[in-house]
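I have placed the structure first, in the form of C-alpha cells, so that the comments after it can refer back to it.
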Amino acid sequence: MSPINKYFIFISILIMGSSCKSARITKQINRDLETNFYNNQFTGFLVYNPKMKDTIYQHNAQKYFTPASNTKIFTLYTALQMLPDSIPALKYNVKNDTLTIVGTGNPTFLHTYFKDSTALNLTKKYKIVNIIENNLADEKFGPGWAWEDYDTYFNPERSAFPVYGNVVTISNLDSLICTPSIFKKNISDTISKHKRSYNENIFYYNPKHTDSVEIPLVLNRFTSEEIWKDLLPTVNFTTKIPSHLETVYSIPSDTLYKRMMHVSDNFLAEQMLIMASSTLSDTLSSKNAREFILENHLKTLTEKPRWVDGSGLSRYNLFSPKSFVDVLSKLYDSIPKARLFNLFPAGGTSGTLKKWYAGTNQPYIYAKSGTLGNNYSLSGYLITNTGETLIFSFMNNHYTKPTTEVKQNMQTIFEYLRNTY
C-alpha cells in the first residue's frame, strides 16, 4: 500500500472516530437539555473543534440571545484589531510654547488601578496647555442602559478624556479619603439608599463604613474644569482641533484588555471601543468602531449581531452562539494560546470565574461570562482531558431560577465534555 493511501486511510479513521464521538456527545447533551430544568428558558449551545474544523454539538446556535457581558468578546476582538501594542494615551499638537491635547477615550489616566500619568507628565513641559474633550459623538450612557444604575460602580459615564476612571473613590480607614480629593467637600454622611444624587455630584457615604466604594461622577464642562484645574491650574479648554496631531502612548494594551476581561469592567470596555474609533478619525464614536469591524474584519459572519455598546449593559444587544464561536475562532487562529488564554478569566482560578468551573489540577475553562437579570452566558475555550481545545458558547436567556442553578447545570455539561472528548 502506498504512503498516500495509508495517509487517507488514517485521516478517514480519524474522521469516523470523531463523528462517532460527536454523535455520542450530541445524544448525551440533548438528554441534558431536554430535562425539566430547561423547559421555561431559551438556551443556545455550540461546541466546535478548531483543529478538526468540526462542529461537535449545536442547539439553537444561530438564534439571537441577549449576551450581557459576552459582548466584551467582540470589544476585545475590535481592540486587538484596531489598537497598537500600547494604549494611545492622547493626541497632541505643539506650537511654540503651547501644547494642545485631544482625548482619545483612554480610560487609564489617573485610574486607581492603572495609575497612568502620561498626560500629566506631558503637560508639565509647556507654559500653555489647551485641552479638547468635546470630540465624543457618543452619549454619556449607552442605548438601553438601566437608568437606575446611575450611582453604581459599574456604570460610569463615557467621555473623550476620562480622568480617575470617571468615578470618585471613597474609603474610611484611619480617616475619610476621597479621590479626586476636590470632591471630599461633596460627601454627605446622610443615610441614603443611593450613593449619589441623581443629577449632581453630591455623594452619600456612611462614615462608620471602612470599605472602599466607587461612585460615578456627573460629567459636564464644570466638573471637567474643576478636576483639571486641580491638576494643572493654568489649563485652558478649547474646541478647535489642530490640523496636525501626534499620538503619545502609555501602558501595554494587554494590561488593559486583561483587566477588562477578568473583572468584566464595563467602563473599560466602553472606552476601548471609543479608543478604537480614534484610529479612524479625531471624532470619537464607538458606533464607527463597531461598524468598521463588522464591515471589514467580520464581514463573513453568517448572523450579523445587533451590537449597540462595548460592555453588554444594554438589553438591545443581540448575538448568536455561532457569532461568538466565529470570533473566538478568529482569536484562536491569530493569537498565541498562552497570550490569548491569559486575557480570559480561568475557571476556578481568576476573575469572574474564580468560584466556578474549576479543574482538578489546572484550569480547563478560559471564558467570558455575561450576566443580566434572568440571563447568563459563557463563551470561550475548553481544554479536554486528552488535550484538545474546544471553542464554545453556552447562552441562557429568560430563566426564573437562581443563576447559581444555571451555572451548576452548565458545569455538569462542561465536565462531561472535558472527560469524554
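Worth pointing out:
Okay, residues lined up against (1) modelled with pLDDT under 95; (2) of a type outside the set (Ser, Thr, Tyr); (3) within 16 Å of residue 137 (Cβ to Cβ); (4) more than 17 Å from the chain's Cα centre (by Cα):
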residue	(1), (2), (3), (4)
276	no, yes, yes, no
297	no, yes, no, yes
302	yes, no, no, yes
319	no, yes, no, no
322	no, yes, no, yes
325	no, yes, no, no
338	no, yes, no, yes
343	no, yes, no, no
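- Residue count for region 136-173 satisfying the condition of being within 17 Å of the chain's Cα centre (by Cα) and free of Cβ contacts under 8 Å to residues at least 60 places away in the same chain: 1.
- Screening region 187-202 for residues that are farther than 18 Å from residue 153 by Cβ and of a type in the set (S, T, N, Q) and picking the one that is nearest to the chain's Cα centre (by Cα) gives 199.
- Filtered by the rule that a residue be assigned to a loop (DSSP other than H, G, I, E, B) and crowded, with 19+ Cβ neighbours inside 10 Å, region 36-64 gives 61, 64.
- A single member of 400, 360, 349, 412 is of a type in the set (S, T, N, Q), surrounded by fewer than 19 Cβ atoms within 10 Å (Cβ to Cβ) and within 22 Å of the chain's Cα centre (by Cα), and it is 349.
- All conditions in (1) more than 18 Å from residue 44 (Cβ to Cβ); (2) surrounded by fewer than 23 Cβ atoms within 10 Å (Cβ to Cβ) hold for residue 366, with the sole exception of (2).
- Given (1) among the aliphatic types (A, V, I, L, M); (2) over 21 Å from the mean Cα position of the chain (by Cα); (3) outside the structural domain of residue 105 (by TED's automatic domain parsing), number of the condition residue 235 does not satisfy: (3)
- Matching strands (runs of 3 or more DSSP E) fully within region 76-159 where at least 1 residues are in contact with a Pro (Cβ under 8 Å, 6 or more places away or on another chain) and buried (at least 17 other Cβ atoms within 10 Å of the Cβ): 86-95, 98-102
- Filtered by the rule that a residue be outside any loop (DSSP other than H, G, I, E, B) and hydrophobic (A, V, I, L, M, F, W, C), region 217-246 gives 222, 227, 228, 231, 237.
- Single residue of 76, 90 found to be in contact (Cβ under 8 Å) with a residue 60 or more places away in the chain and either closer than 30 Å to residue 242 by Cβ or out of contact with any helix residue (DSSP H, G or I) (no Cβ under 7 Å at 6 or more places or on another chain) (or both): 90
- Any hit, region 399-410, residues being touching a residue at least 60 places away in the same chain (Cβ under 8 Å), in a strand (DSSP E or B) and in the same structural domain as residue 45 (by TED's automatic domain parsing): no
- Qualifying residue in region 189-200 (condition: assigned by TED's automatic domain parsing to the domain that holds residue 235, aliphatic (A, V, I, L, M) and under 20 Å from residue 278 (Cβ atoms)): no
- Scanning region 328-374 for residues that are farther than 17 Å from residue 261 by Cβ, of a type outside the set (Gly, Ala, Ser) and part of a helix (DSSP H, G or I) yields one hit, 333.
The values are calculated or read from the model by the stated rules, or taken from the named source; none is laboratory data. Here the structure is a predicted model, which is why all the values come from computation and not from measurement. Using ideal geometry, Cβ is built from the backbone for each residue, glycine included, and neighbour counts are taken over all protein chains shown.
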